[in-house]
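See below for the structure under consideration.
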Amino acid sequence: NAGVTQTPKFQVLKTGQSMTLQCAQDMNHEYMSWYRQDPGMGLRLIHYSVGAGITDQGEVPNGYNVSRSTTEDFPLRLLSAAPSQTSVYFCASSYSITGGSLFFGSGTQLSVL
Amino acid sequence: SQQGEEDPQALSIQEGENATMNCSYKTSINNLQWYRQNSGRGLVHLILIRSNEREKHSGRLRVTLDTSKKSSSLLITASRAADTASYFCATDDGSSTLGRLYFGRGTQLTVWP
């Protein structure tokens, strides 16, 4: 099993550009989520999903869109990148939607110039 | 916000010593989790303690939970240089399904050889 796979690992964007961060898991987990990690801020939840076709907002959803068409994939879309979105992004999944440990990907370092 | 807060922000000890980190949170929870993050990597789950549990052990890790004080502690016994990492606590929002999982800002642990 590969676990949780995130691509790309690094990305540089110009302000206003759009892009999609990819996340895939091969553990048949129902729960998937996206976090951003900024220095001194810990991890903040952007969006999450408890199953295919079901998504909901986290703490900091503005400027990001998600969709969940399959159990395996949970892409995060930046609609119009801003310097404030410079961060490290982590995708995580869990086997349980009623409370279980998260499995994290290795992260995407995004810089918006 | 339900976000947990770890204390201290940074901890520096010698190999062989014990390391204690604390976490406080604000509202009722179903469970509390501790994660470790090595520099430049994703988070790795260490241990989960449910709200009806008071203490849990896993190898050199000991976690306590005091729901009346809304606090938890993580003890790492006989620390090793390889334990150098950031440690985060995470809490849910007390709902019946896993929706939002809130992370604190972490404790940076440095273990000197």
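The largest-to-smallest principal axis extents of the Cα set in chain A are 37, 26, 25 Å.
For A:Asp38, the shell of other residues with beta-carbons less than 15 Å away shows a net charge of +2, using +1 for Lys and Arg and -1 for Asp and Glu.
Other residues within the sphere of radius under 12 Å centred on the Cβ of A:Ser84, judged by their own Cβ, net out at 0 (K and R +1, D and E -1). Here the Kirkwood formula puts the hydrodynamic radius of the range A:56-113 at 13.1 Å, using every distinct Cα pair. With neighbour counts taken as other beta-carbon atoms within 10 Å, the residues A:Val4, A:Val112 rank, fewest first, as A:Val112, A:Val4. Roughly how many whole Å is it from the C-alpha centroid of the range B:19-68 to that of the range A:43-72? Centre-to-centre (Cα) distance: 25 Å. Using the alpha carbons alone, the radius of gyration of the protein assembly as shown stands to its Kirkwood radius in an Rg to Rh ratio of 0.97. Projection of the Cα convex hull of the range B:18-81, averaged over all directions and equal to a quarter of that hull's surface, yields 4.8 nm². Of all DSSP beta bridges confined to chain B, the antiparallel ones make up roughly 90%.
Scoring B:52-61, A:65-74 by mean Cβ neighbours within 10 Å over their residues and listing the highest first yields A:65-74, B:52-61.
Scaled against 2.2 N^0.38 Å for its residue count N, the alpha carbon radius of gyration of chain B is 1.02. Other residues within the sphere of radius under 11 Å centred on the Cβ of A:Ser106, judged by their own Cβ, net out at +2 (K and R +1, D and E -1).
Each value in this text was obtained by applying a stated rule to the coordinates, not by laboratory testing. Values in this document were obtained by computation on a predicted structure and should not be read as measured data. Cβ sites come from the backbone with ideal geometry, for glycine too, and all protein chains shown count toward neighbours.
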